[in-house]
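The values are calculated or read from the model by the stated rules, or taken from the named source; none is laboratory data. Bear in mind that the values here come from a model prediction, so they are computed numbers and not experimental data. Positions of Cβ are generated from backbone atoms using ideal geometry, with glycine treated the same way; all protein chains shown enter the neighbour counts.
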């Protein structure tokens, strides 16, 4: 069984996170597979739209902590950064279907999607501060833009999770449906997009994003540098140690 499934039909590439026993938590290898798939889709004339999806109970729990600690992203060529660059610069439509938990990068990647459909069981979380880290994927820029500063503070400073209806209210998702319908809806919309002129889709998306395309990449790079530095500092070591030891972290003596 592979952790990333790829299915191509009628101009649509569907990428399915397929590690349900680990709540679809992403490993280094999964990031590499996703990056390669999106780069392939970018360069293939036969692929016009991409869909990212999990299953009815979980989108992704974010990083697989054990794998992440054994294989920390050490350079710009790390698979996680290749994936983020690929999704953030993808010129064709990219959709997501989100059911259940979407933790960390499971939420930040959605800010680079063009359409997002959610099951009514979707739960979004950006717990970077709670792990002694900073945001990634340019979410420090994109979350306040979409949600407004105070709601972004709840999401990013407190790390408070928010549910599907709240995500719909702030515009992160386009529609909320029963979990059993989310993947089918996303794929139906993807097929509708794939039937349209690809040159018009690409140019329209370019115009919508061009105002801050460079800023997004610059922010992503700056976040990645801070993220890598903070990963080696005491707060992150305490947070990850507590997670692995199944205890509450104690930051009281860490500046």
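So residue 160 ticks every box in (1) under 30 Å from residue 241 (Cα atoms); (2) modelled with pLDDT of 95 or more but one. Which box is left unticked?
Exception for residue 160: condition (2).
Tell me the helices (runs of 4 or more DSSP H) entirely within region 30-143 that contain at least 2 residues that are under 17 Å from the mean Cα position of the chain (by Cα), crowded, with 19+ Cβ neighbours inside 10 Å and touching a residue at least 40 places away in the same chain (Cβ under 8 Å).
The helices (runs of 4 or more DSSP H) meeting that bar are 79-88, 105-108.
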